[in-house]
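The values are calculated or read from the model by the stated rules, or taken from the named source; none is laboratory data. None of the values given here were measured: they were computed from a predicted structure. No Cβ is skipped: glycine too gets one built from the backbone with ideal geometry, and neighbour counts run over all protein chains shown. Side chains are part of the model used for accessible areas, which takes the heavy atoms of the whole protein and leaves out ligands, DNA and RNA. Shrake-Rupley method; radii C 1.70, N 1.55, O 1.52, S 1.80 Å.
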Amino acid sequence: MVVEPSHESTARSFIPPPAPGERPTEYADRIGEYHVATKSESHRKQHGLYLTPVAAADFMAAQIRVTGDRLRVLDPAAGTGILCCAAVEALAERDRPPGWIELVAYEVDAELIDPLQAVLDYLQDWCLEEHGIKLEERIESTDFVLAHAETLRREDSLIPYESDDRDFDIAISNPPYFKINKSDPRAVLASSVVYGQPNIYALFMAVSAALVRPGGDFISITPRSFTSGLYFRQFRRIFFNLIQPTLVHAFGSRREAFERDDVLQENVILRGTRLKAPPEDRQAPLAISSSRGVRDLTEASRRSTSLEAVIDLDNGDRVLRLPLSEEDARVLDLVDSWPNTLASLGLGISTGPVVPFRAKDLVEREGQVPDSHVPLLWMNHVRPMQVSWPLNRHKPEYIKRQGAEKLLLPNRNYVLLRRFTAKEEVRRLSAAPYVAQSMPIPQVGLENHLNYIYRQAGSLTDEEAWGLAALYNSRLLDTYFRCLNGHTQVNATELRAMPLPASDFIVELGERVQQLTNPIDYLDPLIADTLSAATPRKSVVGQT
């Protein structure tokens, strides 16, 4: 007689069993690799399916600080359970482990439910047989953000948020990351923390933080982009009122944190404590560590600082700055001491007004300059300390004068900055002086992927344009910017807030730079030498 297999055995028939003595975390990783191998790249991107490397999961689990005989653990994006297994293993292997653990794992991908259940069943047996710990595990196959977005309602709401899934001792996560439309139901429900086109991972972070009890642990591995920028400003205001960071780990390589999944992304691990009220202890200790990737996590460099050294609690932007070394910290101190900003110098910064697909009838590959056309400058025309036009490549480099009056800028001195950099480019800031005298034209077109600095009344002098461009191309300001900026975009908002030195210094630097044949090769020693009159050399990047 042929016995028909049950639905459960059919559903799980593809799941390999654990090997004798295999760690639950490694079993979850093996199951995860098996599952991911069956999925297309588009499926992985759509679901944000990137497995947490075991080394990263162990590092994160080692950051758990809460203690107790009964602990509740939340994983809001469990996948195949690598991260929550590492957390439970770390708790179980303590000198004084808890006797009871409740694990709630959310996973919205229906195809992951059976693999996750197999992993957590093994974890449950492992806890009891190896450590005598009772593990109660529950999988929620629902959208985590939709289920709990109301946790982000205002504190003074007349109707308190009620749920069984709150007051967790630990929230540990590797949330998915992809942009969602602002009309997405998750973005609508979590409107208090989103702006523009939000990234889903920030919603996971905010909701998870709200579900942790005061004094509990929040641990996540995410892109670093939330640490700065306009799009995440509302999120940071909410999040850093809920979570006081105690450790931030940065990966130096964009590729090596998730190299198995071929992900290019600047990632950070953040560990923090859930607060009862907004932070007041500005001297609270905070550790900053870094490694190139996951393979060298055990040799990560580490430095101690204070909360106020990385987050300005008086500033509504709540930018999280990451000085990874003592030199980085000296750079922050030096640049922060500068007295000016663009605005205080009478300067403004804007984005190039020409959006080519909206000006299709105006941009062309050929043109008569200056009779009927003027140059249209793109990012590839701007290199450090140099504007090169034309390049005679595939992009249209000319724009008609007639019909484009509102898009063209008067031919004055500007500083042009690229708005984007390549993922692994050595320098984040790339700027060049645009000197009007170099082009006998009445106007110029700037494409939308360029920022330009201008004098609000009149024009920059040649010396100002050269001096500012030299500063933005320097290792000094690039280091400062990298401590603040967690993505490849160079936004005008961040440049407006960046401190600048005295006007006299900028002019003197510009005068000296103009005398150099290849200025980009000599900028750093030249800036160090110019600064040395008023600044001890130990405060200048590269000087000892």
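Send over a whole-number figure in Å² for the accessible area per residue of the chain, probe 1.4 Å. All intermediate terms of the calculation are to be shown ahead of the outcome.
Numbers: 24330 Å² over 544 residues.
Ligands and nucleic acids excluded, the figure is 45 Å² per residue.
With all protein chains present and a 1.4 Å probe, how do 249, 131 order by accessible area, largest first?
Values: 249 0, 131 65 Å².
Ranked list, largest accessible area first: 131, 249.
Pick out, from 73, 99, 83, the residue whose Cα sits farthest towards the positive end of the charge dipole of segment 61-111, with +1 on the Cβ of Lys and Arg and -1 on the Cβ of Asp and Glu.
Toward the positive end, the furthest listed residue is 99.
For the chain, with the dipole built from +1 on Lys and Arg beta-carbon atoms and -1 on Asp and Glu ones, taken about the Cα centre, which of 64, 421, 238 lies farthest toward the positive end?
421
Out of residues 5 or more away from residue 286 or on other chains, whose amide H comes under 5 Å of its own, with H placed 1.01 Å from N in the peptide plane?
Under 5 Å from the amide H of residue 286 lie the amide H atoms of 305, 306, 307, each far enough along the sequence or on another chain.
When the solvent-accessible surface of protein heavy atoms is calculated with a 1.4 angstrom probe, in what order do 303, 237, 65, 94 fall, highest first? Numbers along the way, then the final one.
Values: 303 30, 237 105, 65 130, 94 60 Å².
The ranking, largest first, comes out as 65, 237, 94, 303.
Net charge near residue 365: determine it from the other residues with C-beta under 11 Å of the C-beta of residue 365, scoring Lys and Arg +1 and Asp and Glu -1. Before the final figure, lay out the partial values.
Details: positive: 393, 395; negative: 364, 366, 397.
Taking every other residue near residue 365 into account, the sum is -1.
Which cross-chain or sequence-distant (5 or more) residues have an amide H under 5 Å from the amide H of residue 434, H modelled 1.01 Å from N in plane?
414, 415, 416
Work out, step by step, the length gained on full extension between residue 302 and residue 143: first 0.36 nm times the residue separation, then minus their alpha carbon distance; give nm to one decimal. If you can, show how the numbers build up before the last one.
Values: separation 159, 0.36 × 159 = 57.24 nm, distance 3.63 nm.
Taking 0.36 nm per residue and subtracting the Cα distance, the gain is 53.6 nm.
I'd like the accessible area for residue 29: 1.4 Å probe, protein heavy atoms, all chains in place, Å² to the nearest 10.
20 Å²
Rounded to the nearest 10 Å², what accessible area does residue 102 have for a 1.4 Å probe in the complete protein model?
30 Å²
Of 360, 179, 276, which has the most accessible area with a 1.4 Å probe, and how do the rest follow in descending order?
Details: 360 145, 179 115, 276 185 Å².
If we order 360, 179, 276 from most to least accessible, we get 276, 360, 179.
Roughly speaking, to the nearest percent, how much of segment 268-319's 1.4 Å accessible area is carbon and sulfur? Numbers along the way, then the final one.
Numbers: 1200 of 2730 Å².
Carbon and sulfur together cover 44 percent of it.
So for the chain, taking the charge dipole from beta-carbon charges (+1 Lys/Arg, -1 Asp/Glu), which of 502, 189, 324 sits furthest toward the positive end?
Going by the Cα projections, it comes out as 502.
Taking 0.36 nm per residue of separation and subtracting the Cα-Cα distance, what length does fully extending residue 93 through residue 70 add? The partial results should precede the final answer.
Values: separation 23, 0.36 × 23 = 8.28 nm, distance 1.48 nm.
Length gained between residue 93 and residue 70: 6.8 nm.
Label residue 394 and residue 368 with points 7 Å out from Cα along Cα→Cβ: what is the distance between them in nm?
Label-label distance for residue 394 and residue 368, simple model: 3.0 nm.
Computing the accessible area with a 1.4 Å probe over protein heavy atoms, can you report the carbon and sulfur percentage for segment 332-389? Display every interim value, and only then the final one.
Numbers: 1340 of 2850 Å².
So the carbon and sulfur contribution to the accessible surface is 47 percent.
Convert each backbone phi in segment 454-467 into a coupling constant with the Karplus relation 6.51 cos²θ - 1.76 cosθ + 1.60 (shift: θ = phi - 60°), then list the ³J(HN,Hα) values in order as whole Hz, x for Gly and Pro.
For segment 454-467, the Karplus curve yields 9, 8, 5, 10, x, 9, 4, 6, 4, 5, 5, 4, 5, x Hz.
Determine ³J(HN,Hα), in whole Hz, for all residues of segment 308-325 in sequence, where each value follows from phi through the Karplus function 6.51 cos²θ - 1.76 cosθ + 1.60 and θ = phi - 60°; x replaces Gly and Pro.
5, 6, 10, 10, 7, 6, 8, 9, x, 5, 6, 5, 9, 9, 10, x, 7, 9
Give the separation of the Cα centroids, segment 287-336 to segment 233-247, in Å.
Here the two parts' Cα centres lie 16 Å apart.
Can you figure out the FRET efficiency of residue 350 with residue 19, using R₀ = 45 Å and their beta-carbon distance, to the nearest 0.05? List each step's numbers first, then the result.
Details: r = 60 Å, r/R0 = 1.34.
FRET efficiency, residue 350 to residue 19: 0.15.
Relative contact order (percent) for segment 91-188, with alpha-carbon contacts under 8 angstrom and 6 or more residues of separation? Could you put the intermediate results ahead of the total?
Values: 76 pairs, mean separation 27.9, N = 98.
After rounding, I find 28 percent.
Lysine pairs in the chain 8 or more apart or on different chains: how many have alpha carbons under 21 angstrom apart? Can you show the working numbers first?
Values: 39/179; 45/179; 45/182; 45/423; 179/423; 360/395; 360/400; 360/406.
Count of close lysine pairs: 8.
Before anything else, pin down the relative contact order of the chain: Cα pairs under 8 Å, at least 6 apart, normalised by residue count, whole percent. Don't skip to the end; give the middle numbers.
Details: 1091 pairs, mean separation 57.9, N = 544.
Once normalised by length, the contact order is 11 percent.
Using just the helices of the chain, give the 222 nm mean residue ellipticity in deg cm²/dmol: DSSP H runs with n ≥ 4 each add -39,500 (n - 2.57), and the total is spread over all residues, rounded to 500. Before the final figure, lay out the partial values.
Working: 17 runs with 161 residues, N = 544.
My calculation for the chain gives -8500 deg cm²/dmol from helical runs alone.
What is the distance in Å between the Cα centres of segment 49-72 and segment 363-379?
Cα centroid to Cα centroid, the span is 57 Å.
I'd like the accessible area for residue 532, computed on protein heavy atoms only with a 1.4 Å probe and all protein chains in place. Round to 10 Å², please.
Per-residue accessible area (residue 532): approximately 40 Å².
Just one of [x] 192; [y] 156; [z] 132 is volume of the Cα convex hull per residue in Å³ calculated from these coordinates, so which is it?
Read-out from the structure maps to [x].
Under 5 Å between amide H atoms, partner at least 5 residues away or on a different chain: which partners does residue 373 have, H built in plane at 1.01 Å?
Those qualifying (amide H under 5 Å, at least 5 residues apart or on another chain) are 368, 401.
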